[in-house]
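Here is the structure we will look at.
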Amino acid sequence: MLEIKCPYCGNRSQNEFAYGGDATVKRPELNTEVSDQDWDNFVYYRKNPRGNHLELWHHISGCRQWFKVLRNTATHDIIQTMEMKENP
Amino acid sequence: MSQEFRIASGGLIDRSKEISFIFNGKKYNGYKGDTLASALLANGVHLIGRSFKYHRPRGIIAAGVEDANGKVQLYKDNITEPNVNVTEVELVEGLRIESQNCWPSVNFDVGGINNFLNRFFPAGFYYKTFMWPKSFWYHVYEPFIRKAAGMGKASLDPDPDRYEHQYEHCDILVVGSGPSGIASALSAAKNGARVILAEDKARFGGSLLTDNVTIGNKNGDEWVEDSISELKSMPNVIIKKRSQVFGYYDHNMLVMFERCKDHLNNPEPYTPRQRLWYIRAKQVLISTGSIERPLIFANNDRPGIMLASSAREYLKVYGVLPGKKPIIFTNNDTAYETAIEFKAHGIDTVILDTRKSSDAGVVIEAKNIGIEIKFNHGIANTAGYKKVKSATIGELTESKDGYKNLTTIPCDSIFVSGNWTPTVHLASQSGNKLKYESETDTFLPDQSRQKETVIGSANGSFTLKESLADGFNKGYQLSDEITKNGREISVPISDEKDFGSHDKFWCMPVADNKHYKRFVDFQNDVAVSDIQLAVREGFRSIEHVKRYTTLGMATDQGKTSNLNGLQLVSDLEKKIVPEVGHTTFRPPYTSVTIGTIIGREVGKNYRATRKSPIHEWHEKNNAVFVDAGLWLRPRYYKRGNETLQEAAKREALNVRQNVGICDVTSLGKIDIKGKDSAEFLNRVYTNAFLKLPVGKARYGVMLREDGMVFDDGTTTRIAENHFHMTTTTAQAANVLSHLEYYLQVVWPELDVNVVSTTEQWAGAAIAGPKSRELLQRLFPEEDMSNEGFPFMGFKELKFKNTVARVFRISFSGELAFEMNVMSDYGEEMWNEIISQGEDFGIQPYGTEALSTLRIEMGHVAGSEIDGRTIAYDLSLEGMLSQKKDFIGKRSLNRKAFTENNREKIVGVVPIDKKTSIPEGSYLVENAKASFPNPKLGHVSASCWSVEYDNPFSLAIIKDGKNKKGEKLFAVSPLKNKIIPVEIVSQHYVDPEGKRVRS
């Protein structure tokens, strides 16, 4: 079970959190023309890197904040966690 | 009964407390402090069970978790547990054990014939033998294998014991209480660290309980006792015996089980049987010691053959002689200590040593006290069916591939030692890549992957001096990184016997080209010939050899066999061991009872139960409940001998004719505030919300980004910047996460706050043509007319001493209202509505009637919004705004979503107007078509229409738009039904929706 440092609550065990996927995916702006390719990339296509991955987690059984986690997918090492407005 | 193999005095057992137990119907005695294994051996019982494949007689080979054979079925207080290890069960009153894997008895076992048919059971025999004909598998092979594969029998009764879970954090977790474990715990604790010391066995001390050593000026066992009492007195130390750390997981999470109850004769009520500890440690010191390896020789599996160190443990800890005429067979010096110990108790042994000589101190001591030593000797074979009775021994040839002159000598036991295997499981589970140390023929931990540090013999430090120094130093260093106290204690002086190096020879040749089995893995009956065969057949990877031969599998996970197996494969392939590598060590280290892993989450505690504040009223009024997510909701209110269908019909009809009341507390409710709330809702919902007037509710549909319908519900504008959203019961939590995601991740610039208020409000739906009159009576001052309180209106009204939120919304399709009060007033509200409603014939209705009402009205719910349907499929395309963008809108342009003949919701009526259509039925054009019969769609929900008094269903079918009036078939192979049906409008009742607006 991972130990994740919520930027608001501190270190907590993984069972308090929900995983939220790739944090680098950006939703296309509303009311703009979006090509099929761009929309598909946003909705469906995700990279599956071996190594560092910036991802979203939701402190669902805690403060209910979404935040970013830089995690190594091969070793589970968590390099850094940060608020949404921050970057690694 | 006498315990004829118990010595007169000595050992750590309590001789004042005699305890009896029953093994295979016969009564035996032991003492408090015994294990079942030591008590059996005290009575001269060696034959415990039959082996897995060949049904060979097998006995105890070790004294701890590494024992591979001593599996029995245990009975106590009408409870039974299979596959328990006699070396791990402490003796208490009332135990009865039986041998497994034998029929009719362990002494005469029919399956023993397999032993003589063993050439039909080679490695991989399951894969080879039971392949064809295919049809034989279910009826012949599988039942046969199941019967023959005799592990114990699991009980069919619920586990009567309780199990608990505990979470703990510490600075340093020390696993194992041998010399290095105690040393490190002492030095870390004295330096101020929060320490947990865990010992698997019932006694602290590890090898110090059996080795003749001194530490400081004390004997080893005295040093253990003093150190443990000192640790127990320290407030920063948790010290646990009977506690096995069995798994090392990510981020230094270790899991341990503690045996709390089984060893007690009179446990206090509510004592948990076992406790599972989740320990998050800053540093982990692994001092798990090492396990002696067996030697491999012909017929080396007979009862009476055990590890030399285990024989010494039975003697020193339990005062039991596992044999009175033992042979000691070794390739190293440590077994000499067993000979010396036995000599001290008047038992003469013969030592066979594969080496040509040894000048270690312990060997010289053995010689000096007159122990017979035969160097350069090996055991060529053994005899004795149910217990070993003799060994054929001989001098090894120069190349060690045969014997010079064989002689047979009688014996009643053989104590073997093939060097030591460090217990590196936890380090390996942590991710430590092990390295091979060829000097000692062991795999040792390499670079730490997490915060694990391995010390003592688990790290290849086989002398006491090294182990103690290692323990004290690492305990200090690691604790000081945390506490920075700088309080270091000095390493005490120790004295121990002198041991030299081992012989790199462990697999004895078989004399005269005989095909005797030489077992490597006792638990799985894997012999040298099986491994040779696997390699001959082309298996190279050690992982493949393991699976093909079953080497190192099952409950003991190869604790005694892995290294011997690896060495054998490397010899056969002419490789060195590190090239062959080792198989993966996976948790758990030993078998863990499922009950321990589950803990308290059984039965009704399996998951949380949510009840509405009106729950007690429902119970008093004969409600039959149904699970709705975590919620318990009334399904129907049973009157007399009514069936579910009858009750649902009565309740639904009463809504259509009079007025009904339904508890809708479980509906998700989300309070939304902030100046951008309307803009936010406008993006979340497919329809417009910007201009929703204050005091009005609106039905809304939300999509996922892939265009599928996610959820629906009504949202009410309480004030300019304040909304009350409702969601379906099932999706409440997901909708909240969804809203939070968009607010925090995608559009953080929006000034909106959302919070769940599901549990803050109790809700009642009041539905039926007489609901307005009832409302008027509840609120006599208020204008409840169609003009004064129109459809989709909202009022905040004084109700008793609180405020009620009243919405004019309807799920039933009738004129209806929904009333919310704060939860604490829920029951009061309910009672008031019921008592005021009596004059109007009010009846409560449950979810079954609720479904009936919504189905015949054609309203969609979870069975249609199933994550695979778009708005069009549900006939909700009118809800899609053309004027604004919203979540998921861009996906709706996808080709498949715009095809003309897409699935669409329809109504389905059986042509006979009698046969109910099972939910999940397929709709097809031709019921008799050959397979695969093209499927047009499926029936999503069925009810008995109370309006028309015949069955009615909703279905989602291909080109549903153009299918009305067509005659199809509903087929349910599951229920074996083929029902001719007609497709009609989904809105079976009141298609214009007049009633809700009336």
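The values are calculated or read from the model by the stated rules, or taken from the named source; none is laboratory data. Everything numeric in this text was worked out from a predicted model, so none of it was measured. Every residue, glycine as well, gets a Cβ built from its backbone with ideal geometry; the counts of neighbours run over all protein chains shown. Areas reflect the complete protein model, heavy atoms only, side chains present, ligands, DNA and RNA absent. Shrake-Rupley method; radii C 1.70, N 1.55, O 1.52, S 1.80 Å.
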Looking across region B:449-472 at residues that are surrounded by fewer than 24 Cβ atoms within 10 Å (Cβ to Cβ) and out of contact with any Asp or Glu (no Cβ under 9 Å at 6 or more places or on another chain), the single one that is nearest to B:Asn419 (Cα to Cα) is B:Phe462
For region A:2-48, the count of residues that are within 11 Å of chain B (Cβ to nearest Cβ) and at negative phi equals 29
* Can you find even one residue in region B:377-394 that is assigned to a strand (DSSP E or B) and under 30 Å from B:Ala458 (Cβ atoms)? -> yes
A careful count of residues in region B:715-725 that are in contact with a Gly (Cβ under 9 Å, 6 or more places away or on another chain) and open to solvent by less than 20 Å² (accessible area, probe 1.4 Å) gives 4
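Are there strands (runs of 3 or more DSSP E) fully within region A:18-88 with at least 1 residues that are open to solvent by 60 Å² or more (accessible area, probe 1.4 Å) and of a type in the set (A, V, I, L, M, F, W, C)? List them.
On the way: elements: A:18-22, A:52-58, A:66-72, A:78-83.
Correct list: A:78-83.
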Counting only residues in region B:743-755 that are more than 10 Å from chain A (Cβ to nearest Cβ) and not hydrophobic (A, V, I, L, M, F, W, C), the one surrounded by the most Cβ atoms within 10 Å (Cβ to Cβ) is identified as B:Asp751
Apart from one, (1) among the hydrophobic types (A, V, I, L, M, F, W, C); (2) farther than 20 Å from B:Met857 by Cβ; (3) open to solvent by 30 Å² or more (accessible area, probe 1.4 Å) all hold for B:Leu667; the odd one out is (2)
When restricted to B:Gln836, B:Gln776, the only residue among the polar types (S, T, N, Q), touching a Leu at 6+ places or on another chain (Cβ under 8 Å) and open to solvent by 30 Å² or more (accessible area, probe 1.4 Å) is B:Gln836
Residue pairs within 8 Å by beta carbon, gap of at least six or interchain, first lying in region B:825-844 and over 16 Å from B:Gln776 (Cβ atoms), second among the hydrophobic types (A, V, I, L, M, F, W, C) and surrounded by fewer than 18 Cβ atoms within 10 Å (Cβ to Cβ), listed first then second, are B:Pro844/B:Ile834
Among B:Glu573, B:Glu651, B:Glu619, the single one that is farther than 28 Å from B:Met829 by Cβ and either open to solvent by less than 60 Å² (accessible area, probe 1.4 Å) or of a type in the set (Asp, Glu) (or both) is B:Glu573
Residues in region B:188-203 that are surrounded by fewer than 24 Cβ atoms within 10 Å (Cβ to Cβ) and in a loop (DSSP other than H, G, I, E, B) total 5
Taking the conditions exactly as written (farther than 24 Å from B:Met553 by Cβ, surrounded by 22 or more Cβ atoms within 10 Å (Cβ to Cβ) and polar (S, T, N, Q)), does B:Thr35 satisfy them or not? yes
Of the residues in region B:664-697, those that are in contact with a helix residue (DSSP H, G or I) (Cβ under 9 Å, 6 or more places away or on another chain) and not small (Gly, Ala, Ser) number 17
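Are there any strands (runs of 3 or more DSSP E) wholly within region B:911-983 with 3 or more residues that are open to solvent by 10 Å² or more (accessible area, probe 1.4 Å), and if so which?
In region B:911-983, B:937-945, B:967-972 are the strands (runs of 3 or more DSSP E) which contain 3 or more residues that are open to solvent by 10 Å² or more (accessible area, probe 1.4 Å).
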Residue check for B:Ser891: in a loop (DSSP other than H, G, I, E, B), within 14 Å of chain A (Cβ to nearest Cβ) and either buried (at least 21 other Cβ atoms within 10 Å of the Cβ) or touching a residue at least 12 places away in the same chain (Cβ under 8 Å) (or both):
no
Within region B:787-802, restricting to residues that are at pLDDT 95 or above and exposed (fewer than 14 other Cβ atoms within 10 Å of the Cβ), the one that is farthest from B:Gly993 (Cα to Cα) is B:Thr802
Expected single match for open to solvent by 20 Å² or more (accessible area, probe 1.4 Å), within 13 Å of another protein chain (Cβ to nearest Cβ) and farther than 30 Å from B:Gln645 by Cα among B:Phe886, B:Phe897 is B:Phe897
By residue number, the members of region B:590-599 that are under 19 Å from B:Ser155 (Cα atoms) and surrounded by 11 or more Cβ atoms within 10 Å (Cβ to Cβ) are B:Ser591, B:Val592, B:Thr593, B:Gly595, B:Thr596, B:Ile597, B:Ile598, B:Gly599
With the first residue restricted to region B:672-685 and required to be within 12 Å of chain A (Cβ to nearest Cβ), and the second required to be hydrophobic (A, V, I, L, M, F, W, C) and buried (at least 24 other Cβ atoms within 10 Å of the Cβ), Cβ contacts under 6 Å at 6 or more apart or on different chains are B:Val684/B:Met702
How many residues of region B:473-496 are part of a loop (DSSP other than H, G, I, E, B) and open to solvent by 40 Å² or more (accessible area, probe 1.4 Å)? The answer is 10
All-but-one check, A:Thr73 against (1) over 22 Å from B:Asn252 (Cβ atoms); (2) more than 10 Å from chain B (Cβ to nearest Cβ); (3) hydroxyl-bearing (Ser, Thr, Tyr), failing number (1)
- Any chance region A:55-67 includes a residue that's away from chain B (no Cβ under 11 Å), closer than 24 Å to B:His169 by Cα and without any contact (Cβ under 8 Å) to a residue 24 or more places away in the chain? no
Of the residues in region B:414-451 that are touching a Lys or Arg at 6+ places or on another chain (Cβ under 9 Å) and within 14 Å of chain A (Cβ to nearest Cβ), the one that is farthest from B:Leu295 (Cα to Cα) is B:Lys451
query: Based on what the data block shows, is B:Phe794 away from chain A (no Cβ under 14 Å), within 30 Å of A:Cys63 (Cβ to Cβ), assigned to a strand (DSSP E or B) and among the hydrophobic types (A, V, I, L, M, F, W, C)?
result: no
Residues that are farther than 21 Å from B:Arg586 by Cβ and without any contact (Cβ under 8 Å) to a residue 12 or more places away in the chain: does region B:523-533 have at least one? yes
Residue pairs qualifying under the 7 Å Cβ cut-off, at least six apart or on distinct chains, with the first in region B:726-742 being within 14 Å of chain A (Cβ to nearest Cβ) and the second being of a type in the set (S, T, N, Q), are B:Ala732/B:Thr758; B:Val735/B:Thr727; B:Leu736/B:Ser756
